Amino acid sequence: MVSREIEKILPLVQKPGRYTGGELNSVIKDKSKVDIRYAFCFPDSYEIGMSHLGIKILYSAANKREDCWCERVFAPWHDMEEEMRKRNLPLYALESGDPIKDFDLIGFTLQYELSYTNVLNMLDLAGLPIKSSERKSLTPIVVAGGPCACNAEPMAEFIDLFLLGDGEELCDEVITLLKESKKENLSKEDFLKKAAKIEGVYVPSFYDVSYNEDLTIKAVEAKNGAPEKVKKRIVSDLDSVHYPDNFIVPFIEVIHDRVVHEIFRGCIRGCRFCQAGFLYRPIREKSADTINEQCKVLCEKTGYDEISLSSLSTSDYTHLEELLNKLLSWTIPEKINVALPSLRVDNFSDELMEKLSKVRRSGLTFAPEAGTQRLRDAINKNVTEDEVLRTSAKAFSGGWTAVKLYFMLGLPTETYDDVAGIAELSQKVVDEFYKNPDKPKGKGVQVSISVSSFVPKPFTPFQWEAQDTREELENKQKHLLSNIKTKKISVSYHKVEISFLEGVFARGDRRLSKVIEYAWKNGCKFDSWDDSFKFDVWLRAFEETGIDPLFYSSRKRDFSEILPWDHLDYGISRKFLEKENKKAHESQTTPHCRIKCAGCGANKLNGGKCDALCENLV
Amino acid sequence: MRCVRIWFEKVGMSRYISHLDLMRTMSRAVRRSKIPLWYTEGFNPHPYMTFALPLSLGMESICESMDIKIEGEISNEEIFSSLKAVMPEGINIKSVTDGEIDPKYIAFGKFEIRFSGVENGEDFCLMLKDILSSSELPVQKLGKKGRKKVYKEINLMEYIKEYSVKEASQEPVLEVLLPAGSVTNVNPSLLAEEIIKRAGDGVSYVILRKELFTDKMESFK
């Protein structure tokens, strides 16, 4: 329950339902009977955070323990923050309404780089020092996980420990250790020393980083008994690992307001630009029976009328037919819609098409990523123009009149011809519509192309590449627009300033902590929201701290350089990434993991097991 | 297929659920309860669900009602107990009836305005009576002129049908009868805002809708 003071300001703010708690299925416990109070923080608005599957999984896993009460915390929107600061009301957790500064564990999930300032702001709003070194007592311990933890060096000064990889079992072990440490009255330092021994725990303050004169890293040295290389954690079997049998049902509408079910983790494709495709390896599939049963229970307990199957590439799930048959047998009579995001053009079968037409029709989205075959080969997006056109034709004859295509600008080796190729390919998709003899009368076609800017990311074959500068990206955007000749194609693209900042922080090192601190102190927060984004402040932050952002974003690294994340082990061997990088520059493709094992090394994390099930396992 | 009226309270934190969000919340609750719903027969089948009179965000109520269409053999008592078991905090099912009056005949609402943070209860009540015994109380009411939203000045006193003041030490309560419904509707917060403007800092209020009436002052059933 929120306090009376908070209740008083609720009528003054937009969407008060963000701040009340009390939603169906939220977990209430007796605080006198738990040992660990855990604040799970999502550093963005309620609507974004409540859409995130990870928080649902980890919230329910932590609350399964009787000795722990895990609660949710989101970043209050500008208006709410102002009212809270005016009245000195500290950041509170939604379930109990208690200030999180008195909690034992504060966990952030780092989903994107531009949420970093919100982490600082939430710590400050809680009434805690933002720097790890200034929080002296054992509790609260501030931890962070999520994809950005694979190189969260820019956040190293603020976070006590990072959790690498799958969180289901890892969080549990950290909670147990913290509970014991509290009982034994351990100091924070002693707790961190013990925590660093847990596989998947990275304590940044236990690593000394030295630099060369050219500002590159000279060495990273572990101390206090921390491992030289921190290996990410994985859960071995998705069928037996905890999955929530209950979702909190928000009162206000959130972005993804439905039952979401993860069908497999990892990806067989190996697209060279895609960090998720490497970060979550090896492939682990969940059985169709487990998914079907869990979906049924979730629908019953929430009352949702939509299920979305989640993975990096839905049509690569080996039992998709079986799963859809099982699901549709009860979802159709109960009028529940099944959504299949992340379909690929190369295995979009007629049978799948037929199944899809049984569920409510939404838009169709395909991601060719690049405009020419040469560039698609270089990024290892193993999709041909023919496949894109054939699938579009199939969709058009199936009655669709709108198709969305995803592309990227600024990919390594990209030329202006490749950029023009995006316009050409989109035009060919339009033409495909008019070739269809049964096209609906009086209806035009709408091809929407969404063009994002490429950001090189750690643990991908492109981790050494230079990102296009803002000027280059803008020129390419202009070139693309000048090549589009019809109104049937609409183009949207990302702000280059945002992609540029992502580029800096994605591959940044810990010297960037002071840039983040400066930007936050000067009013930056909610940076991923266009109307909150203050690019001029960020530029000033680099200037004032004497840091050249282009050193991080637009500098091509040598294979010999020590990268800020080289002491973290995500199972993917550096040799493999180097080999993939070289192949990219020769526009050579690598077949996906089911055709031939590429030998990335990630199967070693799972005792040699990998659900790509390739017979030629390296 | 038959139509039933579900009566419920919307109190506590649930008063911050907007009308649009309430519709979503209720349709999910009905799905969880497994009541055999009747679905529309169009291209995109959906359950039939309509609310008597939307409640403003932030207001509490003990007289909300929603009409749904059901299919198959199920008694009102069974609907009541299945729904009651699946409601979120603050939305409490009170009863299930067949619904006697069409919501379009709703004309008045009785509201309770509870004030808090009042320093001197007696003085405050005197002020209340003073305001309410005047002949004119001009306020700005947001109305529509064609499609545009415009402010219009109205004399609140012309709309207040009845009122009574209850002194409960630090938390005085004002009960007031105002036009409510699709023809004329006066939001009690117009009156409450006017009062706290004169009451000074620190005073806040919560409004509770207690009962709805037809133009013949018959209770809405």
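Quick look at the numbers
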| read-out | value |
| --- | --- |
| B:Arg31 vs. criteria more than 19 Å from B:Pro103 (Cβ to Cβ), at the interface with chain A (Cβ under 8 Å from one of its Cβ atoms) and surrounded by fewer than 20 Cβ atoms within 10 Å (Cβ to Cβ) | no |
| Residue identified as among the aliphatic types (A, V, I, L, M), part of a loop (DSSP other than H, G, I, E, B) and over 18 Å from B:Asn120 (Cα atoms) among B:Val206, B:Val183 | B:Val183 |
| Whichever residue in segment B:39-64 is farther than 24 Å from B:Val183 by Cβ and within 12 Å of chain A (Cβ to nearest Cβ) and, among such residues, is surrounded by the most Cβ atoms within 10 Å (Cβ to Cβ) | B:Pro47 |
| Residue match in segment B:151-158 (condition: within 30 Å of A:Gly17 (Cα to Cα) and open to solvent by 20 Å² or more (accessible area, probe 1.4 Å)) | yes |
| Subset tally (residues that are open to solvent by less than 10 Å² (accessible area, probe 1.4 Å) and over 27 Å from the mean Cα position of the chain (by Cα)) for segment A:465-480 | 1 |
| Of residues in segment B:84-111 being of a type in the set (A, V, I, L, M) and farther than 19 Å from B:Lys221 by Cβ, the one surrounded by the most Cβ atoms within 10 Å (Cβ to Cβ) | B:Ile91 |
| Cβ-Cβ under 6 Å pairs, at least 6 apart or on other chains, segment B:89-109 side within 14 Å of chain A (Cβ to nearest Cβ), far side small (Gly, Ala, Ser) | B:Glu89/A:Gly22; B:Gly90/B:Gly12; B:Gly90/B:Ser14; B:Ile91/B:Ser14 |
| The one condition in (1) out of contact with any strand residue (DSSP E or B) (no Cβ under 6 Å at 6 or more places or on another chain); (2) open to solvent by 10 Å² or more (accessible area, probe 1.4 Å); (3) closer than 17 Å to A:Ile379 by Cβ that A:Ser452 fails to fulfil | (1) |
| Residue in segment A:62-69 that is assigned by TED's automatic domain parsing to the domain that holds A:Leu120, touching a residue at least 60 places away in the same chain (Cβ under 8 Å) and of a type in the set (Phe, Trp, Tyr) present | no |
| Residue match in segment A:491-503 (condition: more than 18 Å from A:Gly546 (Cα to Cα), without any contact (Cβ under 8 Å) to a residue 24 or more places away in the chain and not aliphatic (A, V, I, L, M)) | no |
| Residue match in segment B:16-25 (condition: within 11 Å of chain A (Cβ to nearest Cβ), of a type outside the set (Ser, Thr, Tyr) and in a loop (DSSP other than H, G, I, E, B)) | yes |
| Which listed residue is within 20 Å of B:Gly109 (Cβ to Cβ), modelled with pLDDT of 90 or more and among the β-branched types (Val, Ile, Thr), from B:Thr184, B:Thr214 | B:Thr214 |
| Tally, over segment A:1-28, of residues that are within 7 Å of chain B (Cβ to nearest Cβ), assigned to a helix (DSSP H, G or I) and under 16 Å from A:Tyr46 (Cα atoms) | 3 |
| Members of segment B:62-98 that are assigned to a loop (DSSP other than H, G, I, E, B), under 21 Å from the mean Cα position of the chain (by Cα) and of a type in the set (Gly, Ala, Ser) | B:Gly90 |
| From A:Thr391, A:Thr401, residue being surrounded by fewer than 17 Cβ atoms within 10 Å (Cβ to Cβ) and hydroxyl-bearing (Ser, Thr, Tyr) | A:Thr401 |
| Considering residues of segment A:173-230 that are of a type in the set (Gly, Ala, Ser) and part of a loop (DSSP other than H, G, I, E, B) only, the residue surrounded by the fewest Cβ atoms within 10 Å (Cβ to Cβ) | A:Gly225 |
| Long-range neighbours under 7 Å by Cβ, at least six apart or interchain, first residue closer than 12 Å to A:Ile268 by Cβ and among the β-branched types (Val, Ile, Thr) within segment A:313-333, second outside any helix (DSSP H, G or I) and open to solvent by less than 70 Å² (accessible area, probe 1.4 Å) | A:Thr318/A:Glu285 |
| Selection from segment A:247-277 of residues that are within 14 Å of another protein chain (Cβ to nearest Cβ) and open to solvent by less than 20 Å² (accessible area, probe 1.4 Å) | A:Phe247, A:Ile248, A:Val249, A:Pro250, A:Phe251, A:Ile252, A:Val254, A:Val259 |
| Selected residue (criterion: surrounded by the fewest Cβ atoms within 10 Å (Cβ to Cβ)) from residues of segment A:481-535 that are in a helix (DSSP H, G or I) and among the acidic types (Asp, Glu) | A:Glu497 |
| Residue among A:Tyr280, A:Tyr243, A:Tyr317 that alone is farther than 28 Å from A:Ala506 by Cβ, open to solvent by 10 Å² or more (accessible area, probe 1.4 Å) and more than 14 Å from chain B (Cβ to nearest Cβ) | A:Tyr243 |
| Any hit, segment A:71-79, residues being within 14 Å of another protein chain (Cβ to nearest Cβ), modelled with pLDDT of 95 or more and assigned to a strand (DSSP E or B) | no |
| Flag if A:Cys600 is crowded, with 19+ Cβ neighbours inside 10 Å, over 23 Å from A:Ser453 (Cα atoms), in the same structural domain as A:Pro458 (by TED's automatic domain parsing) and not aromatic (Phe, Trp, Tyr) | yes |
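The values are calculated or read from the model by the stated rules, or taken from the named source; none is laboratory data. Because the structure is a prediction, the values reported are computed rather than measured. Ideal geometry is used to build each Cβ from the backbone, glycine not excepted, and the neighbour counts take in all protein chains shown. In case anyone asks, the SASA skips ligands and DNA or RNA and just uses the protein heavy atoms, side chains included. Shrake-Rupley method; radii C 1.70, N 1.55, O 1.52, S 1.80 Å.
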